[in-house]
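Read the figures in this text as sums done on the coordinates, not as results from a lab. Just so it is clear, the structure is predicted and the values come from calculations on it, not from any experiment. In this analysis, Cβ positions are derived from the backbone assuming ideal geometry, glycine residues included, and neighbour counts consider all displayed protein chains.
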Amino acid sequence: MVKKIFFIFLIFSAAVVFADEMADITGAVEWDTLLLKSTVSVDLAKAGIKLPSGRTQGEAFISEGYLTLIQPSIMDLQVDSSTTIADLIIRGEFNVFDTETLALKAKSVPPALSPDLRKISASYIMNLTDLSSALLRHNRPSPVMRTLIPATSAQYTGIVIIASDELPLYGMRSSALAVPCLFPKIWDSDMNLIYERNMLEARENTMVRYAPLKSIFQDNPSGLAQEVVDVAGNRPLRIFARALYGINPTDLIIDNIDAMLIISSADNRRLLSEGRVVFILNDSVLKKTF
């Protein structure tokens, strides 16, 4: 484990050195689109590159810089309430070379020179659904909790849980905004686990999609933005979260009555296993810049 921690330290150090010497990176994790967007720029003078002959060399520096500089941002991604990608690597549950493979799958925009010809830059877009799929290892989905006494429940097209305001933290005398991660959990108010990553039927499905509050107050018959409809359909069950849970407040607690509406019906339980779930979070947590 010491070797793995040291290896991760070297990766972060290499990124800092590379940035100081010739390149830098800016970008953001956009949780509402599940995209990690970045732009890598090379200072031509600092790198000792002269145009026009050195343009190819500058593009090579960008490619090398991207793989080095994007690593800390990938490792900092929150997997669940207590774990980051770096934590998984330290525990031997994920490989740093897998992060490079995922980074190389990013869509890129061809490098371009700045108007003053001092820098050359390229943009990259990495899809976090690829990372989510890589982290799902189960062969068979775990069953969704059921109830022995079914409650009458309508058939819904998806589940939308609203947690855009500060909510109480379970077991604490404080409140916080819910924050996004790849694999959040849903609990009922008796702390029964209603939804977790192993309940997903297909690795290609994302467990939860995130959206801002305005996406459920649109001027159309359903009131929903298209990105919400694409996941939860036109007739989702809308629920207000009651509290938050986890070392980081990624997990939502819903009322028992709302939980019963989900688990009392096979069709509604299937909404969980198919990942037809949207969390409505505060705008301020849906984008993290670096």
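Numbers below:
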{"item": "Residue 82/residue 266 FRET efficiency (R0 51 Å; Cβ-Cβ; nearest 0.05)", "result": "0.95"}
{"item": "Å³ per residue enclosed by the Cα convex hull of the chain", "result": "152"}
{"item": "Segment residue 247-residue 64, length gained on full extension (0.36 nm per residue, minus Cα span)", "result": "62.3 nm"}
{"item": "Integer Hz, Karplus 6.51/-1.76/1.60 couplings in order for region 192-209, x for Gly and Pro", "result": "7, 6, 9, 8, 8, 4, 6, 7, 5, 6, 10, 5, 6, 7, 7, 4, 9, 10"}
{"item": "Whole-angstrom gap from region 122-141 to region 226-254, using each part's C-alpha centre", "result": "21"}
{"item": "Cα-based reach from residue 214 at 19 Å (exclusive), listing aspartates and glutamates while leaving out same-chain residues under 8 positions away", "result": "30, 32, 165, 166, 227, 230, 283"}
{"item": "Residue order, fewest to most surrounding Cβ atoms within 10 angstrom, among 25, 90", "result": "90, 25"}
{"item": "Size-normalised alpha-carbon gyration radius of region 159-289, reference 2.2 N^0.38 Å", "result": "0.99"}
{"item": "Exposure proxy order (Cβ contacts within 10 Å, fewest to most) of 142, 215", "result": "142, 215"}
{"item": "Stokes-Einstein translational diffusion, region 2-135 - Kirkwood Rh over all Cα pairs, 1.002 mPa s, 20 °C, in µm²/s", "result": "138"}
{"item": "Likely footprinting exposure, 140, 238, fewest C-beta neighbours within 10 Å first", "result": "140, 238"}
{"item": "Region 201-262: chymotrypsin sites (Phe, Trp or Tyr not before Pro) in DSSP loop, at most 13 other beta carbons within 10 Å", "result": "217"}
